[in-house]
Amino acid sequence: MLDERNALVAQIRHFNRFYTRTVGLLDETLTQSAFTLTEARVLFELGHHSRPASAEIAGERGFLAGAFRLENGPAASEIARQLRVDAAYLTRILRKFAGEVLTEARTDPADRRRRVLSLTPRGEAALARLQAAADRDTARLIESVPDDRLHELGSALRKAGELLGDPVGENGEVTLRPHRVGDVGWVVQRQAQLYADEYGWSIEFEAMLAEIGADFIRNFVPGRDFCWIAERGGEEPVGAVFLVHLDDEVAKLRMLHVEAAARGLGIGKRLVAECVSQARACGYKRLVLWTNDILVAARAIYERAGFRLISEEHHHSFGKELTGQTWELDL
């Protein structure tokens, strides 16, 4: 095992040398901008501590000039620690940024002894230009990669980040998309496996999921039935939910699940919110669901979304003694 780790260290060092030469990070400035590499890193770090002022203006993430507001700005010491930059060197960089009106400092309202940093509108504009230049350079870097291997490269980069301690990743935004061919089978397989691992449910549960999935496909009515797949980084499925019509006025939320590695990111809440919003848009009067009381996290999401517990019943299913619950939401 030690030999394997030593070999991996050498492999990573080799890749780093190759990558550094390829993207030209040994140049005096980054992407032919006015910033050195370290200055650019500081600028990026400040930008990453901001978020869009509203989803309507800036989308979920992005560097759009003027669209950011400080959520929890960093102190200079935190930037130095995160980037492993000498404090004195960072002070000179921040002094330069302040002189060019790229950054501003203010007192943290939660701790008046602490000074937090943020980008000014001018700093945001500079960051947007730098981001655009970096994107162009990166696009040139992958020009030689065939279209049919782009997915392979993206998966490898994401997996490397995960293994090295970055579970979400730089481009790990979670998006929701409609289902495609093969998605329903994936949901059945993943949810059956998760519940077997976490709750010890038997293959009987997989049979029920397969029946629900088959009915959804067989009886699918466009504009009335929906399935959303949550994807991380534009390619990795990490959860799903179904909205199924029962009649013209009542729909049912079914088969909500979130992959264990993606929990804590609010994905379940987003899936349920999408389901509720679409049910309203379709004109349904009521949304119902059935679950079991041991699924505590899911029940908390339903309750926060406005669902009311209507009834409970004890049952022996999936190899366990369970308490089933019916929940409803008036739309």
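The values are calculated or read from the model by the stated rules, or taken from the named source; none is laboratory data. Since the model is a prediction, treat every value here as computed from it, not as a measurement. Methodologically, a virtual Cβ is constructed for each residue, glycine included, from the backbone with ideal geometry; neighbour enumeration extends over all protein chains shown. For the accessible areas, the whole protein counts, side chains as well, though only heavy atoms, and no ligand, DNA or RNA atoms are used. Shrake-Rupley method; radii C 1.70, N 1.55, O 1.52, S 1.80 Å.
In Å², and per residue, what accessible area does the chain have when probed at 1.4 Å with the other protein chains present?
Numbers: 19440 Å² over 331 residues.
Using a 1.4 Å probe on heavy atoms only, each residue of the chain averages 59 Å².
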- Task: For the chain, find the longest principal axis of its Cα atoms and tell me its angle to the long axis of helix 2-23, 0 to 90°, nearest 10.
- Result: 60
- Which of the peptides 260-267, 311-318 is most tightly packed, and how do the rest follow, going by the mean number of other Cβ atoms within 10 Å of each residue? 260-267, 311-318
- Tell me, what ³J(HN,Hα) does each residue in the range 132-146 have, in order and in whole Hz, if you take phi through Karplus 6.51 cos²θ - 1.76 cosθ + 1.60 with θ = phi - 60° and put x for Gly and Pro? 4, 5, 5, 5, 5, 4, 5, 4, 5, 4, 9, 4, 7, 7, x
- Message: Quick check: the angle from helix 183-199's long axis to the longest principal axis of the chain, C-alpha only, nearest 10 degrees?
- Response: 90
- Restricting things to alpha carbons, find the Rg to Rh ratio for the range 94-136 using the Kirkwood radius for Rh. 1.12
- Between 0 and 90°, nearest 10: helix 37-48 axis offset from the chain longest Cα axis: 40
- Query: Any idea what the relative contact order of the chain is, in percent, if you count C-alpha pairs under 8 Å spaced at least 6 apart?
  - Reply: 10
- Listed residues 163, 127, 256, most fluctuating in the chain (Gaussian network, C-alpha, under 10 Å): 163
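If you average 1/r over every pair of different alpha-carbon atoms in the range 134-276 and take one over that average, what Kirkwood value in Å do you get? Walk me through the intermediate numbers first.
Working: mean 1/r = 0.0590 Å⁻¹.
Answer for the range 134-276: a Kirkwood hydrodynamic radius of 16.9 Å.
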- Note on the structure: With only helices counted (DSSP H, runs n ≥ 4, each -39500 (n - 2.57)), the per-residue ellipticity at 222 nm for the chain, to the nearest 500, works out to -14500 deg cm²/dmol
- Amide H contacts of residue 201 (H built 1.01 Å from N, under 5 Å, at least 5 apart or other chain): 196
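On the protein heavy atoms, probe 1.4 angstrom, tell me the percent of accessible surface of the chain carried by carbon and sulfur. Each step should come with its number before you reach the end.
Values: 10280 of 19440 Å².
Of all accessible area on the chain, carbon and sulfur atoms account for 53 percent.
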- Query: What residues have an amide H closer than 5 Å to that of residue 317, excluding those fewer than 5 places away on the same chain, when H is modeled at 1.01 Å from N in the peptide plane?
  - Reply: 322
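Please say if the range 213-331 is rounded, prolate or oblate, where rounded means a/c under 1.5 for a ≥ b ≥ c the square roots of the C-alpha gyration tensor eigenvalues, and otherwise the choice is prolate for a/b larger than b/c and oblate otherwise? Intermediate values should be presented prior to the final figure.
Details: a/c = 1.40, a/b = 1.04, b/c = 1.35.
Rounded, because the longest to shortest axis ratio a/c is under 1.5.
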- Comparing 195, 19, 284, which has the greatest mean-square fluctuation in the GNM of the chain with Cα pairs linked when under 10 Å apart? 19
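In the chain, what is the count of Lys pairs whose alpha carbons are under 28 Å apart, counting only pairs at least 8 residues apart or on separate chains?
Working: 159/269; 252/269; 252/285; 252/320; 269/285; 269/320.
Here the count comes out as 6.
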- Applying the Karplus parametrisation 6.51 cos²θ - 1.76 cosθ + 1.60 with θ = phi - 60° to the phi angles of the range 204-209, what ³J(HN,Hα) value in whole Hz is obtained for each residue in order, glycine and proline being reported as x? 4, 5, 4, 4, 5, 4
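To two decimal places, what compactness ratio does the range 177-245 give when its Cα radius of gyration is scaled by 2.2 N^0.38 Å?
Against the empirical 2.2 N^0.38 Å value, I get 1.13 for the range 177-245.
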- Query: Taking only the alpha carbons of the chain, what extent do you get along each of the three principal axes, in Å, biggest first?
  - Reply: 67, 51, 37
